[in-house]
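*Asks:* Here's a structure for you.
The values are calculated or read from the model by the stated rules, or taken from the named source; none is laboratory data. Predicted model, so just to flag it, every value in this text is computed and none were measured. Cβ atoms come from the backbone with ideal geometry, glycine included; neighbour counts cover every protein chain shown.
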Amino acid sequence: MKRTPLVRHKPLRAKKRVARPSLTSLKRKADRLWSQLILSKGQCEVCGRKATNPHHFISRTNRTLRHDPRNGVALCYRCHIGGNPSAHGDPIFITTWMMCKRPDDYNYLFEKREELATQVDYTQVITSLERKLKEKEDGNHNQ
C-alpha cells in the first residue's frame, strides 16, 4: 500500500512573542519617574533655588528605598554637590537638615533602611510612581 504524503494547506504560524521590557529598562524607567516626582517640588528644599538634582537620602543601592518618594530630596546643584556644605560633600549636613525639616521621613527611612528587598517588581513600582506623579500634576492644575 502506497502512502500519500501529508500536504499542509496553511503554513504553520510562528507564535507571536510578546516583547517584554528588560529588567534594566524597567529600572531606568522607574529611576526617571522617581526623579521627575522629586523634582516636581520645583525648588531646592534646602535653599529655595530652582531644583535641578534629585538626591537619595539613603543610597540608591538600597533596593527597598531606591524608588520611595520619601527617600528623595529636591536640591539645586550647589546644595547637591557644588557648594560647601553639600549633600555629597558633607553627609552630616543633609542628615541634620533631614532630622530638622522632615523628621517623620527621617524616622521612616531610618527604620526601613535595614529591610532587604528580595525581589523588586518594577512594573508595580512604575505604576505607583506614575500614579503619584499624575496626582501631583492634577493637584497643581487645580490650584
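Rundown of residues vs (1) touching a residue at least 12 places away in the same chain (Cβ under 8 Å); (2) closer than 26 Å to Thr95 by Cβ; (3) in contact with a strand residue (DSSP E or B) (Cβ under 9 Å, 6 or more places away or on another chain); (4) among the β-branched types (Val, Ile, Thr), yes/no style:
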site	(1), (2), (3), (4)
Ile38	yes, yes, yes, yes
Gln43	yes, yes, yes, no
Thr52	yes, yes, yes, yes
Thr61	no, yes, no, yes
Leu65	yes, yes, yes, no
Ile81	yes, yes, yes, yes
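*Asks:* What is the one condition in (1) of a type in the set (A, V, I, L, M); (2) at pLDDT 95 or above; (3) assigned to a helix (DSSP H, G or I); (4) under 30 Å from Glu130 (Cβ atoms) that Met99 does not satisfy?
*Replies:* (4)
*Asks:* Okay, next question. Given (1) within 22 Å of the chain's Cα centre (by Cα); (2) modelled with pLDDT under 95, where does Ile92 come up short, assuming only one miss?
*Replies:* Only one criterion in (1) within 22 Å of the chain's Cα centre (by Cα); (2) modelled with pLDDT under 95 is unmet by Ile92, namely (1).
*Asks:* Looking at the range 115-126, is at least one residue more than 29 Å from Gly48 (Cβ to Cβ), among the aliphatic types (A, V, I, L, M) and in contact with a Ser or Thr (Cβ under 8 Å, 6 or more places away or on another chain)?
*Replies:* Yes - at least one qualifying residue is present in the range 115-126.
*Asks:* Could you list, in sequence order, the residues of the range 116-138 that are in contact (Cβ under 8 Å) with a residue 40 or more places away in the chain and exposed (fewer than 12 other Cβ atoms within 10 Å of the Cβ)?
*Replies:* Leu116, Ala117
*Asks:* Considering only residues of the range 71-91 that are among the aliphatic types (A, V, I, L, M) and outside any loop (DSSP other than H, G, I, E, B), which is surrounded by the most Cβ atoms within 10 Å (Cβ to Cβ)?
*Replies:* Leu75
*Asks:* Further question: Condition check: in contact with a strand residue (DSSP E or B) (Cβ under 7 Å, 6 or more places away or on another chain), closer than 24 Å to Arg32 by Cβ and modelled with pLDDT under 95. Does Ala117 satisfy that? Break it down stepwise before answering.
*Replies:* Details: in contact with a strand residue (DSSP E or B) (Cβ under 7 Å, 6 or more places away or on another chain): no; closer than 24 Å to Arg32 by Cβ: yes; modelled with pLDDT under 95: yes.
Considered against the rule, which asks whether it is in contact with a strand residue (DSSP E or B) (Cβ under 7 Å, 6 or more places away or on another chain), closer than 24 Å to Arg32 by Cβ and modelled with pLDDT under 95, Ala117 comes out as no.
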